[in-house]
Amino acid sequence: MSTGKEISDMVSLFRKELVLCGVKEGETVAVLTELNSYTEYASAFMAAAKDLGAHTYNVNVMSTSMSMDAKFGNFGANALTGNQPAIDALKQADLMIDTALLLFSPEQREIQEAGTRILLVVEPIDVLSRMFPTQELRDRVEAGERRLEKAKHLRFTNQAGTDVSYELGAYPVLSEYGYTDTPGRWDHWPGGFLATSGKDDGVNGKVVMAQGDIVYPFKSYVRDPIEFTVRSGRVVDVKGGLDARLVSDYMASFKDPKAYAVSHIGWGLNHKAVWTGHATGVGGIGMDGRAFYGNVLFSTGPNTELGGTNNTACHMDLPMRDCTLYLDDELIVKEGDMVPKDMRAPAN
Ligand SMILES: [Fe+2]
């Protein structure tokens, strides 16, 4: 239970976020929660929305009884599955705050298609505050988005032996800069990364995760390199030591051939993200690793968020440091540092 001061700080932080999201007098802000989760966030968002002159309500549904970490690795049924009255209520809002993690779901898509903008908020308050988004972050994410939208080919390498190529152009680009003021657009606070997918059969090569890279949903740091062989968009082999065994067993546990597809690819741009967050306990649910400035985020599993048909429940996000990434012939990331001026963080 938070103190009065903590609650008033939360309301003022959430109010700043709603201002970035363009919430105006007369708009409607809905908060989606599951049973007794994120109740303080719901109250604070509603207080902040009311203060801005918006109408506000909380759609509280039965819980899926999954932890947030489990949800991040398993995009199957969610709290809104089959609950059309709740979906219809959320479609009435201009902005929906999602604390139930609808990501990759048809329910989320239906709400977006009604023109509702959606903001996912599931990180702890200290992470939300430390990585608070800015227009400056948005500008750098959009600079990357413009390049990724035009690119036909992506290749990334690292010293551990990665050399993998993606044929692009089949899927849109997903940008995350931490807020959303555009009708029907989804974002995630805190943000700071870009993603797209290669053509379904257009990813080939080898991805070797090095020591210290991160495996989500485990939130663990790789101890021995993990070598993924990718052919025609599918992982056909996973080699290495204990970490490779854990990844391999996890993927196999879904008993789903669709789990082996390569999913999104992109890079992180948030210079306030901390790589060691999960080792030191400040990493929250995982945006520190995913949005880390200069990472390359390789992933496996579903591509439905980007309009694809691979709807497996098994999803792994695998951020890697010190990689080098090219879009067509342009060098974007060089050994873990952003190269184009308009994507470099202000301190660099
Ligand atoms: Fe992902």
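Results for (1) buried (at least 19 other Cβ atoms within 10 Å of the Cβ); (2) closer than 30 Å to residue 341 by Cα; (3) away from the ligand (no atom under 13 Å from the Cβ); (4) under 15 Å from the mean Cα position of the chain (by Cα), shown as yes or no for each residue.
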residue	(1), (2), (3), (4)
238	yes, no, yes, no
241	no, no, yes, no
245	no, no, yes, no
252	no, no, yes, no
277	yes, yes, yes, no
281	no, no, yes, no
286	yes, yes, no, yes
317	yes, yes, no, yes
321	yes, yes, yes, no
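Can you pull out the residues in region 99-117 that are in contact with a His (Cβ under 9 Å, 6 or more places away or on another chain) and open to solvent by less than 10 Å² (accessible area, probe 1.4 Å)?
none
Among (1) closer than 30 Å to residue 211 by Cα; (2) modelled with pLDDT under 95; (3) among the aliphatic types (A, V, I, L, M); (4) in contact with a helix residue (DSSP H, G or I) (Cβ under 9 Å, 6 or more places away or on another chain), there is one condition residue 102 misses while meeting the rest; what is its number?
(1)
Could you check region 83-111 and list, in sequence order, the residues that are in a helix (DSSP H, G or I), touching a Lys or Arg at 6+ places or on another chain (Cβ under 9 Å) and not β-branched (Val, Ile, Thr)?
Scanning region 83-111 gives a single hit, 110.
Go through region 24-45 and give me each residue that's open to solvent by less than 50 Å² (accessible area, probe 1.4 Å), under 25 Å from residue 68 (Cα atoms) and not in a strand (DSSP E or B).
37, 41, 42, 44, 45, listed by residue number.
Only one of these conditions is not met by residue 313: (1) surrounded by fewer than 17 Cβ atoms within 10 Å (Cβ to Cβ); (2) touching a Lys or Arg at 6+ places or on another chain (Cβ under 6 Å). Which number is it?
(2)
The values are calculated or read from the model by the stated rules, or taken from the named source; none is laboratory data. Note that the coordinates shown come from a computational prediction; the quantities given were computed from them, not determined experimentally. Every residue, glycine as well, gets a Cβ built from its backbone with ideal geometry; the counts of neighbours run over all protein chains shown. Surface areas here come from the heavy atoms of the whole protein model, side chains and all, with no ligands, DNA or RNA. Shrake-Rupley method; radii C 1.70, N 1.55, O 1.52, S 1.80 Å.
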